[in-house]
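Remarks on the structure that follows.
The values are calculated or read from the model by the stated rules, or taken from the named source; none is laboratory data. Remember, predicted model here, so these are calculated numbers, not experimental data. Cβ placement follows ideal geometry from the backbone for every residue including glycine, while neighbour counts extend to all protein chains displayed. Heavy atoms of the whole protein, side chains included, go into the accessibility calculation; ligands, DNA and RNA do not. Shrake-Rupley method; radii C 1.70, N 1.55, O 1.52, S 1.80 Å.
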Amino acid sequence: LWNSFVSRLQACGFDSGSDSDTVSLAPPSPPSSRVHDRDQRFRSLLDAFTYCDPGGTGYIKDHQRFADVASAIAGWRGDVEELWRDLDMDGNEAVSFPEFVEWAERAHVQLQVGVSDDASAPGQGAVPFPHTWRGPRNDPAYAASTPVTDVNMLAELQGLMDTTYRKVWTRDRKTTGRNEVPERYELIFAEHAENFADWKRYWLKRHHVMHDCASGGFLQRHVPLTANASELCARHRLRGECNEWLLLHGTSPEAARNICRNDFTMHLAGSAQGTLYGRGTYFGDSITKADEYARADDRGLCCALVCRVIGGQVLYNDDVNPVAESLQDGVLKGRFHSVLGDREKCRGTFKEYVVFDADQVYVEYVLYYRRVFAAAEPS
């Protein structure tokens, strides 16, 4: 099934070619007593996932249906809810294909993932690394943030802040401790983040979303303000055919370090930025908007993440008073992959981009910057 899916992607002009180096999806070889291949109904993990998602939403939500599959392919016996907690790693009650693959690896399920054309090797597959990757390619535990020292890269990141700056005030500005919009933002230093496990899950999710977009017949493309940072976007070879964007997420330095190590956690989503469009993770295409949620450290430095975000089929909303539950259901129970709340249109402020699956986000950079305010006029 997955090979057929990849073939359809290639027929539509999609390929994995922009990310050249690859990483195996195969788990370490388990002891023979732990190997499970118990049910011939499922030729691959994709077969099993599809069975768990009869509505074709892209998510598993039925706890008992998953438990039945776990029994068939992994010999599982036990408490259904305990099993579900092991599966639903980001706690959002909707399990994506990457989460399912990771569970199967932990359970030593000997079924093909289906990414590779090599049908002879159970569990084998290949995920391309981004061409900007500098870390090891054979360490699933690898996660690191390294200082950006290249002057051209630093200039591109400063350019991202400059080109997305808008002098627009919202009431969320009050939470920064100073109720005025800075005149500009000065990049002090930046780190490039790499996380082996997060990238694998992101890549798998992107392929699933690309398949949905290709088979849907029509994709409304949305171009964020960050696209004006054209050199940076070109560097990362974003996939417009699935609305892949670079977006900004303001946070604290401590939270940024935790996210880079452990990814976003969906059961905490909305805790810092409200739930206007549902309990997802919120991003902006303007540094001014992201800065409203940044928290300065004792040096006066603020922090924002630059993330790849998969928008896919976007549920657009320009209502002044959106119905959050309906929008969230449109993603988790419907055909959409993200929500775009256009507060710029209805309130004159900023667009907000919301996803409900941590696998749709991959952190590329951590920016440490200083707010620069206008000089006070002499009295």
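Give the shape of the stretch 122-224 as rounded, prolate or oblate, defined through the alpha-carbon gyration tensor: a ≥ b ≥ c are the square roots of its eigenvalues, a/c under 1.5 means rounded, and otherwise the shape is prolate if a/b is larger than b/c and oblate if not. Kindly include the intermediate steps, with their values, before the conclusion.
Numbers: a/c = 2.41, a/b = 1.45, b/c = 1.67.
Because a/c hits 1.5 or more and a/b fails to exceed b/c, the stretch 122-224 counts as oblate.
Restricting attention to the stretch 306-379, which chymotrypsin sites (Phe, Trp or Tyr not before Pro) occupy a DSSP loop and are surrounded by at most 16 other Cβ atoms within 10 Å? If you can, show how the numbers build up before the last one.
On the way: sites: TYR316, PHE336, PHE350, TYR353, PHE356, TYR362, TYR365, TYR368, TYR369, PHE373; in loops: PHE336, PHE350, PHE356, PHE373.
Here the chymotrypsin sites (Phe, Trp or Tyr not before Pro) that fit, given the DSSP loop and packing criteria, are PHE373.
If R0 is 30 Å, what FRET efficiency do you get for ASN321 and ASP297 from their C-beta distance, rounded to 0.05?
Details: r = 36 Å, r/R0 = 1.20.
For ASN321 and ASP297, the calculated efficiency is 0.25.
Can you list residues whose amide H is under 5 Å from PHE189's amide H, if they're 5+ apart or on another chain and H is modeled 1.01 Å from N?
Those qualifying (amide H under 5 Å, at least 5 residues apart or on another chain) are TYR368.
Per-residue HN-Hα couplings for the stretch 205-216, Karplus 6.51 cos²θ - 1.76 cosθ + 1.60 at θ = phi - 60°, whole Hz, x for Gly and Pro?
Rounded to whole hertz, the list is 5, 4, 5, 4, 5, 4, 4, 4, 5, 5, 8, x.
Quote the charge dipole size of the stretch 125-223 about the Cα centre in Debye, to the nearest 20; the model charges only the Cβ of Lys and Arg (+1) and of Asp and Glu (-1). All intermediate terms of the calculation are to be shown ahead of the outcome.
Details: 14 positive and 12 negative charges, 87 e Å.
Rounded to the nearest 20 debye, it is 420 debye.
If R0 is 30 Å, what FRET efficiency do you get for ASP79 and SER215 from their C-beta distance, rounded to 0.05?
Efficiency at R0 = 30 Å is approximately 0.25.
Using a 1.4 Å probe and ignoring any ligands, DNA or RNA, find the accessible area of PHE196 and quote it in Å² to the nearest 10.
Accessible surface of PHE196 is approximately 10 Å².
What residues qualify as long-range amide H neighbours of GLN112, i.e. H under 5 Å apart, gap of 5 or more or another chain, H built at 1.01 Å from N?
Under 5 Å from the amide H of GLN112: LEU45, GLY123.
Express in whole angstrom the spacing between the alpha-carbon centres of the stretch 303-353 and the stretch 127-143.
When both Cα centres are located, 31 Å separates them.
Please arrange ARG166, ARG295, ARG343, ARG43 by accessible surface area, largest first, computed with a 1.4 Å probe and ligands excluded. Please list the in-between numbers first.
Values: ARG166 60, ARG295 90, ARG343 30, ARG43 170 Å².
Putting ARG166, ARG295, ARG343, ARG43 in descending order of accessible area: ARG43, ARG295, ARG166, ARG343.
Each residue of the stretch 217-230 in order: what ³J(HN,Hα) in whole Hz does its phi give by Karplus 6.51 cos²θ - 1.76 cosθ + 1.60, θ = phi - 60°, with x for Gly and Pro?
x, 7, 10, 7, 7, 10, 10, x, 4, 5, 5, 5, 7, 5
Can you list residues whose amide H is under 5 Å from ARG239's amide H, if they're 5+ apart or on another chain and H is modeled 1.01 Å from N?
Here GLU244 satisfy the definition.
With every protein chain left in place and a probe of 1.4 Å, what is the accessible surface of CYS302, to the nearest 10 Å²?
0 Å²
Under 12 Å Cα-Cα from LYS205, which aspartates and glutamates qualify once same-chain neighbours fewer than 8 residues away are excluded?
Filter leaves GLU99, GLU244, ASP357, ASP359.
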